[in-house]
Amino acid sequence: MLLPAAAALSLAGHVWAAQVARSQRCRLAQARRDATTDPLTGLANRAGLARALDDLDGESYDLVLVDLDRFKPVNDTYGHAAGDLLLVEIARRLRGPLADIDGAVVARIGGDEFVLACPSPAPIAGLLGAEVIQALAEPIEVAAGVSVTVTASVGAIHATAGEDRARAMAAADAAAYEAKARGGDGLVEHDVLTELPEVEQRPLLRLREMAELTRALGVAA
């Protein structure tokens, strides 16, 4: 049976409006994903990490900060394409330890800095940090016939429910830079409650400067 012309036009308009609304929802969802995702590795970015930590509000969680050692020489020696391949493979390996844990997140928060966070009623941050070091142990091919082995300075903390997020991140960052100051390729675990009684605002730059100064003094000596 043929529909009257007015009814057919009305139906067509309804279908068109539904398609437009669906398209807008898809674009909005994609924009939200893009806003919280690192485009190179597909990991969460800083905004994605913040959202994941929001979801962990009220829970205890483990936090591991991974700062790659001597990543810049890979870029300088083999080019940025090789550096990108290295980061993509590292991202794949870092997903492994948290692959089956609901609420866990792996994020890239800087050029060569990553964070792993997962809900954990018991403190196992040190074990998670050790898994990270093990995951990076095998060489990574960055060009035809060229493989490099990457190490990392890893800081681990267990944050109890209600712990201030900035304080937890600062503790993990301080632990990672302590590992870096010791020469890298290692793990340092801090207790947020007892080892860092005061965390000042914006401590990260100062910690980096202190680590650089420590290394410079070691070379000068």
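The values are calculated or read from the model by the stated rules, or taken from the named source; none is laboratory data. This structure is a prediction, so every number in the text was calculated from the model and none was measured. Note that each Cβ is placed from the backbone with ideal geometry, even for glycine, and that neighbours are counted across all protein chains shown. Side chains included, ligands, DNA and RNA excluded: accessible areas come from the protein's heavy atoms. Shrake-Rupley method; radii C 1.70, N 1.55, O 1.52, S 1.80 Å.
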Counted residues, region 90-104 - those being on the phi < 0 side of the Ramachandran plot and either modelled with pLDDT under 95 or open to solvent by less than 20 Å² (accessible area, probe 1.4 Å) (or both): 10
Sole exception among (1) under 20 Å from the mean Cα position of the chain (by Cα); (2) basic (Lys, Arg); (3) modelled with pLDDT under 50 for Arg206, by number: (1)
Residue within region 19-35 that is modelled with pLDDT of 90 or more and surrounded by 10 or more Cβ atoms within 10 Å (Cβ to Cβ) present: no
Scan of region 37-58 for residues that are assigned to a loop (DSSP other than H, G, I, E, B), open to solvent by 20 Å² or more (accessible area, probe 1.4 Å) and at pLDDT below 95, ordered by number: Asp57, Gly58
Test for Leu128: is it assigned to a helix (DSSP H, G or I), over 12 Å from the mean Cα position of the chain (by Cα) and more than 21 Å from Leu40 (Cβ to Cβ): yes
Residue pairs meeting the criteria (Cβ under 9 Å; at least 6 apart or on separate chains; first touching a residue at least 40 places away in the same chain (Cβ under 8 Å), in region 126-149; second open to solvent by less than 50 Å² (accessible area, probe 1.4 Å) and of a type in the set (Phe, Trp, Tyr)): Val132/Phe114
Residue within region 166-176 that is touching a helix residue (DSSP H, G or I) at 6+ places or on another chain (Cβ under 9 Å), charged (D, E, K, R) and buried (at least 19 other Cβ atoms within 10 Å of the Cβ) present: yes
Qualifying residue in region 73-89 (condition: open to solvent by 30 Å² or more (accessible area, probe 1.4 Å), of a type outside the set (Asp, Glu) and not in a helix (DSSP H, G or I)): no
